[in-house]
1. Give me, ordered by chain and number, the residues 5 or more places off R204 or on other chains with an amide H under 5 Å from its own placed amide H.
2. Scan around F106 for amide H atoms under 5 Å from its own, H built in the peptide plane at 1.01 Å from N, and keep only partners 5 or more places away or cross-chain.
3. Which net charge results for the neighbourhood of D205, defined as the other residues with beta-carbon distances under 11 angstrom from its beta-carbon, given Lys and Arg at +1 and Asp and Glu at -1?
4. With the crude spin-label approximation of a point 7 Å out along Cα→Cβ, what separation in nm comes out for E151 versus K206?
5. Measuring from label point to label point, each 7 Å out along Cα→Cβ, what is the V44 to T115 span in nm?
6. Using 0.36 nm times the number of residues separating E36 and Y123, minus their current alpha carbon distance, what extension gain do you get?
7. Filter the cross-link list K79/K119; K79/K209; K84/K206; K119/K209; K119/K184 down to pairs whose alpha-carbon distance in this structure exceeds 27 Å.
8. If I model a spin label as a point 7 Å beyond the Cα along the Cα-Cβ vector, how far apart are those points for I72 and D194 in nm?
Amino acid sequence: MKKSTAVIIVVMGLILAAAGLLFSTRRASSNQQKREEIASIFEVYQQYGLTYNKKDDRLYYNNELVRYFEDIVNEDNYKEWPHKDGNVDVYAVRNESGKLVGVEPFDQQAFADRTPLMKDSIYELQITQSISNSVDGYTKDIEEQVKNSIESAYEIYQPYGLTYDRDSDRLYYEGELVGYFEDKELAHTFGPFDDSEIIIYALRDKQGKLEGLDVEGDVN
């Protein structure tokens, strides 16, 4: 069975959709981390004139502000980043084997045709990938970036016994597989999965500080 992972990096934090994971954080440190991760993602395009500016969180193509960017390897592996404003729309050029060989601007007609669609777009970097049956070197890097981000995000829960396992791409509580986890303050859920009855809710005080975990289900 083909497994797909969609990653959306947003202005207010980082949302990761991976095996049922949706994670969002509003902390300023996470915003900086998000920009560092985006910068890492776009390093490969720099040699073709596309650069990412961490200060204003935007792409530039030959010093022109980018309104829309896409890198489509196939229907299961692609990146898109729309904005309301910008001077140029660009796309990544790949050869038949999927190797990146350039970045080119869309023509003015395509730019004009896309303008109405920009009004209703989600102005976020969106990365969709298929973990299996995909182009070598493309999904492996993205998958590792996803798991690095998840692992880092879950460090705050480790003192309370909740950990993320990279190999299984699942959460564990004191060594037991978790079926569902939720942190309402961060609008974050992981799951549900039907192979575990353990349900966990993050407990936070009135200021939003993590205080512990409410664990339901059979924990040995």
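Values quoted throughout were computed directly from the atomic coordinates according to the rules given, and no laboratory measurement underlies them. No experiment lies behind these values; they were computed from the predicted model shown. Please note: Cβ atoms are built from the backbone with ideal geometry, for glycine as well, and neighbour counts cover all protein chains shown.
1. E211
2. D89, V90, Y91
3. It works out to a net charge of +1.
4. Result for the modelled spin labels: 3.9 nm.
5. The modelled label-to-label distance comes out at 3.3 nm.
6. Values: separation 87, 0.36 × 87 = 31.32 nm, distance 1.81 nm.
So the extension gain works out to 29.5 nm.
7. Over 27 Å apart, Cα to Cα: K79/K209; K84/K206; K119/K209; K119/K184.
8. Those two pseudo-labels are separated by 3.5 nm.
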